[in-house]
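Nothing in this text is a laboratory measurement; each read-out follows from the coordinates by a stated rule. Predicted model only: the values in this text are computed from it and were never measured. All Cβ positions, even for glycine, are placed from backbone atoms using ideal geometry, and neighbour counts span all protein chains on display.
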Amino acid sequence: MGFFEVKDLVKYFGGLAAVNEVSFTVEPGEIFGLIGPNGSGKTTIFNLINQFYPATRGSIKFEGTELTRLSTHQICRLGIGRTFQVVKPLARMTVLDNVLASAFLRHPRAADARERAEHWLSFCHLTDMSDQTAGSLPIASRKRLEITRALATEPKLLLLDETAAGLNPGELDEAIALIQRIRQDGVTVIVVEHIMKVIMTISDRILAINQGMPITLGTPAEVANHAEVIAAYLGHSGDQHA
């Protein structure tokens, strides 16, 4: 039984194939990168994994369980957490209460949930902000809170969707360190990211896609030097457009 497996995944919106015959596996303890130009289907794949959208066809299995038959909350309880590109914390609640809401998934007793929430705030270096309202945080801290809320559900597999977008160079280094620390804590990670410094630094393997279809799968060096990946990001060498 594999840890996580996507096989022949397809999603149509009307006549458009947003995801078209995508297959990959992720091993326990791996950081698996997913890259592609804007609109290539990366976030749609995350939404299919979590069943925010039903797949048109294909299979998604987590520890042997077929996810396409489950609801979003069942998938979270099974052990898959995620973040979102556009972070939407519970803006008028404190940072602590945002994380506490997630911790209740595994810990129904208030004292236990609070203890776990405080643990994850410390893990993500947000303890000093725990009494601030979530809506008052700068973007880097809101991104970190998004990760903290996902971790508080105690996932085995964490999906990170562009958590480094909008960060300055120092904040990028902190984001890289946090993702590596999450893996060291025993959580497997799939990360969607446009910032090459991040994806190339942290990933064990990377799947590149374009227009919903796989281009190549390999190590960061193999993917970065693949001709079709370069063309998808930069345009063909003969392309004269800016």
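What is the P(r) of segment 86-186, as percent of Cα-Cα pairs per 5 Å bin from 0?
So the P(r) values, bin by bin, are 2, 14, 26, 26, 21, 9, 2, 0, 0.
Could you list, in their original order, any pairs among Lys11/Lys61; Lys11/Lys143; Lys11/Lys197; Lys61/Lys143; Lys61/Lys88; Lys7/Lys143 whose Cα atoms are separated by more than 25 Å?
Distance filter (> 25 Å) returns Lys11/Lys143; Lys11/Lys197; Lys61/Lys143; Lys61/Lys88; Lys7/Lys143.
Restricting attention to segment 109-161, which trypsin sites (Lys or Arg not before Pro) occupy a DSSP loop and are surrounded by at most 15 other Cβ atoms within 10 Å?
Sparse-neighbourhood loop trypsin sites (Lys or Arg not before Pro): Arg109.
Testing the spin-label approximation: label points 7 Å from Cα along Cα→Cβ at Lys197 and Thr56. State their distance in nm.
3.8 nm
In sequence order, what are the phi-derived ³J(HN,Hα) couplings for segment 89-104 according to the Karplus relation 6.51 cos²θ - 1.76 cosθ + 1.60 with θ = phi - 60°, rounded to whole Hz, with x for glycine and proline?
The phi angles translate into x, 6, 4, 8, 9, 6, 4, 4, 5, 4, 6, 4, 4, 6, 5, 5 Hz.
Restrict the search to segment 72-101; then list the trypsin sites (Lys or Arg not before Pro) that DSSP places in a loop and that have at most 11 other Cβ atoms within 10 Å of their Cβ.
Listed in order of number, the matching sites are Arg92.
Output the antiparallel fraction of DSSP beta bridges having both residues in the chain, as a percent to the nearest 5.
Working: 21 of 37 bridges.
Of those bridges, close to 55 percent are antiparallel.
Starting from the 7 Å offset along Cα-to-Cβ, what nm value, one decimal, do you get for the label separation of Thr216 and Leu16?
For Thr216 paired with Leu16, the spin-label model returns 2.8 nm.
As I understand it, the value is the acute angle between the Cα axis of helix 110-123 and the longest principal axis of the Cα atoms of the chain; what does it come to in degrees, rounded to 10?
Here the helix axis deviates by roughly 50 degrees.
By how many degrees, 0 to 90 and rounded to 10, does the Cα axis of helix 139-151 deviate from the longest principal axis of the chain?
80 degrees
In nanometres, what is the gap between the two model label sites at Ile139 and Arg92, each 7 Å from Cα along Cα-to-Cβ?
With each label placed 7 Å out from Cα toward Cβ, I get 2.6 nm.
Using the Kirkwood radius built from alpha carbon pairs, what does the Stokes-Einstein equation give as D for segment 5-140 at 4 °C and 1.567 mPa s, in µm² per second? Provide the component values of the computation, followed by the final result.
Values: Rh = 17.1 Å.
Answer, rounded: 76 µm²/s.
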